[in-house]
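Below is one structure; the comments refer to it alone.
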Amino acid sequence: MTTAKTDSILIVGAGVFGLSTALELNKRGYTDITVVDRFVPPSADGSSVDISRIIRADYADPIYSQMAREAYNGWTTEYKDQYFESGFALFSETPKNAYMEKSKAVIRAAGGKLDDLDDAMEIRKLYPSVQADLSGMNGYHNPKGGWADAAGSIQKLASKCTVAGVSIIAGPRGTVVSLRRAGSRVVGVNLVGGQVLLASQVILSTGAWTNRLLNMGHAASSSGQPVGFIQLTEEEALEMRKIPVMINMSTGVFSFPPTPDTNVLKLARHGYGYATDMTVNVDGVQKSLSSPKFETSNAATGYLPDDADESLRKGLRQFFPKLADRPWMNRRLCWYTDTPNGDFIIDHHPTIQGLFMATGGAGHGFKFLPILGQYIADCFENKAPEDLRQKWRMNAPRDDSKGPMAGDGSRGGPPLRKLSPLEQAKL
């Protein structure tokens with residue numbers, strides 16, 4: 001069934017998926033669009049926010065690489081005030097890292113220029129400010145790439161939505177606890193205070209919280225990835241300002257240049273993360289699943305498991321030896337929506353009418369912010385190429401196929417670990 005331009009559309013989730021979809025549908029003439037979320041965008045604990053996200057076209061998958069190049073045009077024009085072209089460098093502790101080799105081939109096939117680093121220490125010739133000890137490693141450098149102010153970008157995107165006429169509701173009146181059904185159709189959502197919001201079409205862009213609303217453990221799960229922040233002095237930040245975004249593909253730890261004005265240094269790990277074990281009522285059925293907290297912000301406590309803290313500390317020692325023992329100013333888990341191959345889920349639900357999925361960011365969705373809504377809207381209107389429709393399809397729920405969410409091959413570090421009850425209580 002097609003959605004009329006005057007039909008009411010309710011988008012749950014005000015992150016990069018939800019807001020980009022809202023803005024693009026508005027541009028295409030849909031006149032009744034509402035976005036709801038627990039928090040005002042940029043959400044305190046969403047995966048689309050805080051001070052930085054990597055912007056890169058370096059993918060082993062040609063489709064995402066092409067999309068990233070399209071998004072790059074938006075970052076360097078419409079979102080140029082939020083984008084910082086620092087360069088991007090990937091390193092490996094073992095030769096011929098499969099993801100890096102494929103990524104190099106894809107970039108070069110598209111005409112991109114890269115610097116091979118058979119000895120990773122050669123990065124210091126390109127960036128004399130780099131302090132990292134990369135002895136025995138190899139890698140490559142892409143001068144096209146860097147990072148974006150994530151929270152600022154989401155704030156700008158949300159502002160564009162409201163100026164265009166999209167309604168954004170946050171707080172209890174925007175906090176969805178379940179889908180509202182009429183037979184095999186979703187007709188709206190139930191809110192935390194008992195109120196109901198009805199709509200002709202519901203779009204779920206709820207990221208790591210999606211499995212709380214829908215039985216989709218076979219298609220996506222949620223994991224927390226460690227992030228740490230360090231406050232630098234003005235002198236320290238000046239010394240490190242001209243360095244690239246760097247990632248150790250073997251450990252998954254990556255770092256950013258210090259942020260202008262605030263002089264905050266950020267490290268994180270793009271890995272397999274940590275799972276929780278929560279009992280949640282999903283569509284009337286009690287389920288045990290991994291999920292971030294729902295009632296309060298997941299960024300509030302600053303807690304990290306000891307092994308996560310140590311992995312970031314080792315990354316800090318490697319990338320910034322002078323800061324080896326500097327205390328963190330803040331830490332948190334950033335919650336991913338993992339999918340088996342790192343592919344997004346952008347599709348009409350196969351068995352539930354009135355429900356469209358735009359989720360499954362798998363830790364890499366943010367960089368597509370300038371163009372993501374166009375791809376989602378094409379799928380929503382059944383205009384997307386068939387290969388994309390198949391790549392991002394939402395498979396029907398099954399109870400026998402909960403496999404590993406391995407991602408797209410770009411992750412590093414230890415395997416997924418379930419937090420103990422004591423660790424989970426500290427989150």
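The values are calculated or read from the model by the stated rules, or taken from the named source; none is laboratory data. The model shown is predicted, which means the values in this text are computed figures rather than measured ones. Quick reminder, even Gly has a Cβ in these numbers, built from the backbone with ideal geometry, and neighbours come from all protein chains shown. Side chains included, ligands, DNA and RNA excluded: accessible areas come from the protein's heavy atoms. Shrake-Rupley method; radii C 1.70, N 1.55, O 1.52, S 1.80 Å.
Report, ordered by the first and then the second residue, all pairs with beta carbons closer than 6 Å, sequence separation of six or more or different chains, a first member in region 163-185 that is in contact (Cβ under 8 Å) with a residue 40 or more places away in the chain and under 19 Å from Asn215 (Cα atoms), and a second member that is part of a strand (DSSP E or B) and open to solvent by 60 Å² or more (accessible area, probe 1.4 Å).
Ser184/Gln353; Arg185/Gln353
Would you check which residues across region 322-346 are buried (at least 19 other Cβ atoms within 10 Å of the Cβ) and among the aliphatic types (A, V, I, L, M) and list them?
Leu333, Ile345, Ile346 - these are the residues of region 322-346 that are buried (at least 19 other Cβ atoms within 10 Å of the Cβ) and among the aliphatic types (A, V, I, L, M).
Can you tell me which condition Thr162 does not meet? The list is (1) touching a Lys or Arg at 6+ places or on another chain (Cβ under 7 Å); (2) of a type in the set (Ser, Thr, Tyr); (3) more than 30 Å from Asp283 (Cα to Cα), and all the others hold.
(1)
If Asp116 satisfies all but one of (1) in contact (Cβ under 8 Å) with a residue 60 or more places away in the chain; (2) under 10 Å from Gly139 (Cβ atoms), what's the number of the condition it fails?
Only one criterion is unmet by Asp116, namely (1).
State yes or no: is Ala208 closer than 24 Å to Cys379 by Cβ, touching a strand residue (DSSP E or B) at 6+ places or on another chain (Cβ under 7 Å), outside any strand (DSSP E or B) and modelled with pLDDT of 95 or more? Steps first, please.
Details: closer than 24 Å to Cys379 by Cβ: yes; touching a strand residue (DSSP E or B) at 6+ places or on another chain (Cβ under 7 Å): yes; outside any strand (DSSP E or B): yes; modelled with pLDDT of 95 or more: yes.
Spelling it out, Ala208 is indeed closer than 24 Å to Cys379 by Cβ, touching a strand residue (DSSP E or B) at 6+ places or on another chain (Cβ under 7 Å), outside any strand (DSSP E or B) and modelled with pLDDT of 95 or more.
Tell me which strands (runs of 3 or more DSSP E) are completely within region 224-321 and hold 1 or more residues being among the polar types (S, T, N, Q) and open to solvent by less than 40 Å² (accessible area, probe 1.4 Å), or say none if there are none. Before you say what the answer is, go through the steps one by one.
Values: elements: 245-248, 253-255, 264-269, 278-282, 285-289.
By residue number, 245-248, 253-255.
Every residue in region 117-136 that is more than 27 Å from Val264 (Cα to Cα) and buried (at least 17 other Cβ atoms within 10 Å of the Cβ), please. Give the derivation first.
First pass over region 117-136, keeping only residues more than 27 Å from Val264 (Cα to Cα): 117-119, 136.
Listed by number, the list holds a single entry, Leu117.
What tally of residues in region 214-223 results from selecting those that are open to solvent by 10 Å² or more (accessible area, probe 1.4 Å) and not polar (S, T, N, Q)? Before you say what the answer is, go through the steps one by one.
To start, the set of residues in region 214-223 that are open to solvent by 10 Å² or more (accessible area, probe 1.4 Å) comprises 215, 217-219, 221.
Retained after the next criterion (residues that are not polar (S, T, N, Q)): 217-219.
Total satisfying the criteria: 3.
With the structure loaded, tell me whether Glu381 is open to solvent by 50 Å² or more (accessible area, probe 1.4 Å), out of contact with any Pro (no Cβ under 9 Å at 6 or more places or on another chain) and at pLDDT 95 or above or whether it fails that test. Reasoning before the result, please.
Numbers: open to solvent by 50 Å² or more (accessible area, probe 1.4 Å): no; out of contact with any Pro (no Cβ under 9 Å at 6 or more places or on another chain): yes; at pLDDT 95 or above: yes.
Here the answer is no, as Glu381 does not meet what is asked.
Only residues that are among the β-branched types (Val, Ile, Thr) and free of Cβ contacts under 8 Å to residues at least 40 places away in the same chain: list them for region 280-311, please.
Thr296
Scan region 61-81 and report the pairs whose first residue is of a type in the set (Lys, Arg) and whose second residue is open to solvent by 40 Å² or more (accessible area, probe 1.4 Å), with Cβ atoms within less than 9 Å and a gap of 6+ or a chain change.
Cβ pairs passing all conditions: Arg69/Ala110; Arg69/Lys144.
Identify, please: which residue in region 155-204 is within 25 Å of the chain's Cα centre (by Cα) and among the hydroxyl-bearing types (Ser, Thr, Tyr) and is, among those, surrounded by the most Cβ atoms within 10 Å (Cβ to Cβ)?
Per the stated criteria, the residue is Thr175.
Does Ser410 qualify as being open to solvent by less than 50 Å² (accessible area, probe 1.4 Å), of a type outside the set (Val, Ile, Thr) and free of Cβ contacts under 8 Å to residues at least 40 places away in the same chain?
Numbers: open to solvent by less than 50 Å² (accessible area, probe 1.4 Å): yes; of a type outside the set (Val, Ile, Thr): yes; free of Cβ contacts under 8 Å to residues at least 40 places away in the same chain: no.
So Ser410 fails the test.
Give me the pairs, please: first residue somewhere in region 131-142 and within 25 Å of Arg108 (Cα to Cα), second residue anywhere and open to solvent by 30 Å² or more (accessible area, probe 1.4 Å) and in a strand (DSSP E or B), beta-carbon distance under 7 Å, and either six or more positions apart or on two chains.
Within 7 Å, the pairs are Tyr140/Asp115; Tyr140/Asp116; His141/Asp115.
Determine whether Ala362 is surrounded by 21 or more Cβ atoms within 10 Å (Cβ to Cβ) and either of a type in the set (Val, Ile, Thr) or closer than 26 Å to Thr251 by Cα (or both). Don't jump to the end; show me each part of the working.
Details: surrounded by 21 or more Cβ atoms within 10 Å (Cβ to Cβ): yes; either of a type in the set (Val, Ile, Thr) or closer than 26 Å to Thr251 by Cα (or both): yes.
Considered against the rule, which asks whether it is surrounded by 21 or more Cβ atoms within 10 Å (Cβ to Cβ) and either of a type in the set (Val, Ile, Thr) or closer than 26 Å to Thr251 by Cα (or both), Ala362 comes out as yes.
If I go through region 191-240 residue by residue, how many of them are over 22 Å from His348 (Cα atoms), of a type outside the set (A, V, I, L, M) and touching a Pro at 6+ places or on another chain (Cβ under 6 Å)?
The qualifying residues number 1.
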